[in-house]
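Notes to accompany the following structure.
What follows is calculated from the coordinates using simple rules that are stated; it is not laboratory data. This one's a predicted model, so the numbers in the text were calculated from it and none came from an experiment. Note: ideal-geometry Cβ built from the backbone for every residue, glycine included; neighbour counts use all protein chains shown.
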Amino acid sequence: MTETELLEKVKIALGVGGTYQDNTLKIYINETKEYLRDAGVSDSIIDSESAIGIITRGVSDLWNYGQDNAQLSQYFKERAIQLVYRSRKEVS
C-alpha cells in the first residue's frame with residue numbers, strides 16, 4: 001500500500017476531510033509505523049490491509065496526546081502484540 005493510499009484510508013477512518021491536516025497525519029502515521037516496527041512487527045504486515053486499523057488507532061492516540069491523555073490506548077498495545085506474534089509466525 002502506498003503512503004497516499006494509507007493516508008486516505010486513515011483520513012476516512014478518522015472522518016478527516018480535505019488536505020489541511022495531511023502533513024500532521026503523515027507524521028503520526030510514520031511514528032505509528034516506527035513504533036510497530038520497533039516492537040517487532042514485520043514490514044509486510046505494516047504495509048498490509050491488516051495494519052490499517054492499528055495505524056489509525058495509533059494516529060488517533062497521538063492526535064489526542066495533548067488532551068491530558070499522554071498514552072497509547074490499551075487496544076493499540078494489545079493489537080501491536082498480536083501483530084508481533086503474527087510476524088514471528090511468518091518467519092517460522
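A few remarks follow.
- A Cβ-based charge dipole, computed about the Cα centre of segment 3-91 with Lys and Arg at +1 and Asp and Glu at -1, lands at about 280 debye.
- Compared with the direct C-alpha span, the chain from Tyr65 to Thr2 gains 20.1 nm at full extension, assuming 0.36 nm per residue.
- Scattering profile of the chain at q = 0.10, 0.12, 0.25 Å⁻¹ [log10 I(q)/I(0), Debye over alpha-carbon scatterers]: -0.24, -0.35, -1.34
- Here the Gaussian network model covers the chain, with springs between Cα atoms less than 10 Å apart; of Leu72, Leu36, Leu62, Leu72 fluctuates the most.
- Mean Cα-pair separation over length for the chain, i.e. relative contact order, pairs under 8 Å, 6 or more apart, %: 32
- A Förster radius of 35 Å, combined with the Cβ-Cβ distance separating Tyr20 from Gln74, puts the computed FRET efficiency at roughly 0.70.
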